[in-house]
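Some notes on the structure that comes next.
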Amino acid sequence: MAWTQNINIKSKAEVELMAESCADLVKVFLELRKGAVKPGVTTRELDAIVHDVIVGQGNIPSFMGYHGYPASSCISVNEEVVHGIPGDRVLKDGDVVGIDIGLIKDGWHADSAETFFVGDISPEVRELCETTEASLRDGIEQARAGNRVSDIGKAIERRAREKNYGVVEVLVGHGIGTSLHEDPQVPNYECFTMPNPKLEVGMVLALEPMFNLGTKQVRTLADEWTVVTKDGSVSAHYEHTVAITDDGPRVLTDR
Ligand code: MF3
Ligand code: CO
């Protein structure tokens, strides 16, 4: 049986509403960039900033309560890949911190993540992060009408293969709109077993590569959320919400 895809195509007006939602999410990241992510701070304190900015905007933190998720952001340090629950972990010099945030404005979701550097990062980890971000850009470049979902994954994985990074496969990008997760799923590698629909104008996708310094293997901690690398190696994660337009990809969460 072919897997049924239910891809919601957004009108131009709807894409504009998503652009507004995403513009507010960009402001949350810009607030964090004002030096909040520094040695000595706990991930809970960073989540409080995220929560206060989103609520102050009159928006809804979309992760809070999602399948019971208890915070407004996912904060994932070093070997944590994604879905780290903010808590008592204190950031220290040399850490890399993936911060993933979602909000809802007027019913429309925005979803984005970036990896912050705490103090001085090792050259190896810096290269991992820069490569992951560059690969996200490579994927975005393929988010064009007429291409297929697999063109995105194929572009995203290229730099990781060159550098022998682990490309996390069990978590994928996704459609986004009036729900946080919509069809299609968007693997970060060329996948031959998932539906591979053609891309069309009006699709909006959250692209989110996760690369590891070690293998692709991950596991989930006993808290049932935090995904870590099996080998304890450092992981990096970047995510943008991207609309496919007549003029090509439009990065709605661009900073
Ligand atoms: N940003 C994540 C994603 O893209 C969502 C985090 S899961 C949640 O899928 F529970 F925190 F919402
Ligand atoms: Co996402």
Exactly one condition in (1) open to solvent by 50 Å² or more (accessible area, probe 1.4 Å); (2) in contact with a helix residue (DSSP H, G or I) (Cβ under 8 Å, 6 or more places away or on another chain); (3) within 30 Å of Pro86 (Cα to Cα) is false for Lys216; which is it?
(2)
Can you go through Phe211, Phe192 and tell me which one is aromatic (Phe, Trp, Tyr), at negative phi and open to solvent by 60 Å² or more (accessible area, probe 1.4 Å)?
Phe192
Of the criteria (1) touching a helix residue (DSSP H, G or I) at 6+ places or on another chain (Cβ under 8 Å); (2) open to solvent by 40 Å² or more (accessible area, probe 1.4 Å); (3) within 16 Å of ligand 2 (Cβ to nearest atom), which one His83 fails
(1)
Within region 196-219, how many residues turn out to be out of contact with any Gly (no Cβ under 8 Å at 6 or more places or on another chain) and β-branched (Val, Ile, Thr)?
2
Every residue from region 219-234 that is outside any loop (DSSP other than H, G, I, E, B) and within 16 Å of ligand 2 (Cβ to nearest atom):
Val227
For the structure I just gave you, tell me whether Val242 is within 16 Å of ligand 2 (Cβ to nearest atom), in contact with a Leu (Cβ under 6 Å, 6 or more places away or on another chain) and open to solvent by less than 30 Å² (accessible area, probe 1.4 Å).
yes
Taking the options Gly153, Gly175, name whichever one is over 19 Å from Cys22 (Cα atoms), within 16 Å of ligand 1 (Cβ to nearest atom) and touching an Asp or Glu at 6+ places or on another chain (Cβ under 6 Å).
Gly153
Give me the pairs: first residue in region 196-220 and closer than 12 Å to Ser233 by Cβ, second residue of a type in the set (D, E, K, R) and open to solvent by less than 50 Å² (accessible area, probe 1.4 Å), beta-carbon distance under 7 Å, and six or more apart or on different chains, which are they?
none
Would you pick out the residues in region 86-122 that are hydrophobic (A, V, I, L, M, F, W, C), open to solvent by less than 50 Å² (accessible area, probe 1.4 Å) and more than 16 Å from ligand 2 (Cβ to nearest atom)?
Leu91, Val96, Val97, Phe116, Val118, Ile121
Using the structure shown, decide if Asp24 is open to solvent by 20 Å² or more (accessible area, probe 1.4 Å) and of a type in the set (Asp, Glu).
no
Among the residues of region 225-244, is any in contact with a Lys or Arg (Cβ under 7 Å, 6 or more places away or on another chain), at positive phi and in contact (Cβ under 8 Å) with a residue 40 or more places away in the chain?
no
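The values are calculated or read from the model by the stated rules, or taken from the named source; none is laboratory data. Note that the structure is predicted; figures quoted are calculated from it, not measured. Positions of Cβ are generated from backbone atoms using ideal geometry, with glycine treated the same way; all protein chains shown enter the neighbour counts. Note: areas computed on protein heavy atoms with side chains; ligands, DNA, RNA excluded. Shrake-Rupley method; radii C 1.70, N 1.55, O 1.52, S 1.80 Å.
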